[in-house]
1. Please count how many residues of the range 26-51 are surrounded by fewer than 14 Cβ atoms within 10 Å (Cβ to Cβ) and closer than 22 Å to residue 96 by Cα.
2. Among the residues of the range 29-39, write down those that are over 15 Å from the mean Cα position of the chain (by Cα) and either at pLDDT 95 or above or not in a loop (DSSP other than H, G, I, E, B) (or both).
3. For the range 1-11, give me the residue count where each residue is assigned to a loop (DSSP other than H, G, I, E, B) and either closer than 25 Å to residue 79 by Cβ or touching a helix residue (DSSP H, G or I) at 6+ places or on another chain (Cβ under 7 Å) (or both).
4. Residue under question is residue 21, and the condition is that it be surrounded by fewer than 14 Cβ atoms within 10 Å (Cβ to Cβ) and either modelled with pLDDT of 95 or more or under 17 Å from the mean Cα position of the chain (by Cα) (or both); does it hold?
5. Kindly indicate whether any position in the range 138-148 is outside any loop (DSSP other than H, G, I, E, B) and either at pLDDT 95 or above or surrounded by 11 or more Cβ atoms within 10 Å (Cβ to Cβ) (or both).
6. Which residues, counting only those in the range 125-137, are surrounded by 11 or more Cβ atoms within 10 Å (Cβ to Cβ) and part of a helix (DSSP H, G or I)?
7. What are the residue pairs meeting all of these: first residue in the range 29-43, first residue within 14 Å of residue 122 (Cβ to Cβ), second residue part of a loop (DSSP other than H, G, I, E, B) and at pLDDT below 95, Cβ atoms under 9 Å, and 6 or more apart or on different chains?
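The values are calculated or read from the model by the stated rules, or taken from the named source; none is laboratory data. Keep in mind that what you see is a predicted model, and the values were worked out from it rather than measured. Note that we place each Cβ from the backbone using ideal geometry, even for glycine, and neighbour counts take in every protein chain shown.
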């Protein structure tokens, strides 16, 4: 019996529709109202951006998940990497795929000189204790900061 491990690879323009569908599923599951066409248009820009990595888990028969990581530069910390999105299809969870995507994002950020990888856990009205536990077990730490936003 041959076991095939899905590959983590960089998304391409050919993956645009499949990654957009994954992102729409992610936001829907999270209770975030989103416009699938707008997500696709934004993703097309991100796929072409040099400071962004969109990685996917590819089974050979379809995409099982994705991670979107972006970089920036801050006065206090210099290079910054943020794991903006991480999603694996519900039926494919608990197989280590999200961990592989996190490792891929961390390696990519490290190659760009970023000293750390940050992420935001958004409750969206739900209990996210399991997410904190998941990320803490993977080397992240809660530094006590809170993200505030202002609509423009």
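1. Qualifying residue count for the region: 1.
2. Result: 36, 37, 38.
3. 2
4. Working: surrounded by fewer than 14 Cβ atoms within 10 Å (Cβ to Cβ): no; either modelled with pLDDT of 95 or more or under 17 Å from the mean Cα position of the chain (by Cα) (or both): yes.
Judged against the criteria, residue 21 is not a match.
5. Start the filter on the range 138-148 by keeping residues that are outside any loop (DSSP other than H, G, I, E, B), which leaves none.
Checked against the condition, which is being outside any loop (DSSP other than H, G, I, E, B) and either at pLDDT 95 or above or surrounded by 11 or more Cβ atoms within 10 Å (Cβ to Cβ) (or both), the range 138-148 yields no hits at all.
6. Step one: of the range 125-137, the residues surrounded by 11 or more Cβ atoms within 10 Å (Cβ to Cβ) are 126, 128, 131-132, 134-136.
Answer for the range 125-137, where residues must be surrounded by 11 or more Cβ atoms within 10 Å (Cβ to Cβ) and part of a helix (DSSP H, G or I): 131, 132, 134, 135, 136.
7. Correct list of pairs: 30/122; 30/124; 30/126; 31/124; 31/125; 31/126; 32/122; 32/124.
Here is a yes/no grid of residues against (1) out of contact with any strand residue (DSSP E or B) (no Cβ under 9 Å at 6 or more places or on another chain); (2) under 21 Å from residue 136 (Cβ atoms); (3) in a strand (DSSP E or B):
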| residue | (1), (2), (3) |
| --- | --- |
| 21 | no, no, no |
| 41 | yes, no, no |
| 55 | no, no, yes |
| 79 | no, no, yes |
| 82 | no, yes, yes |
| 103 | no, yes, no |
| 107 | yes, yes, no |
| 115 | no, yes, no |
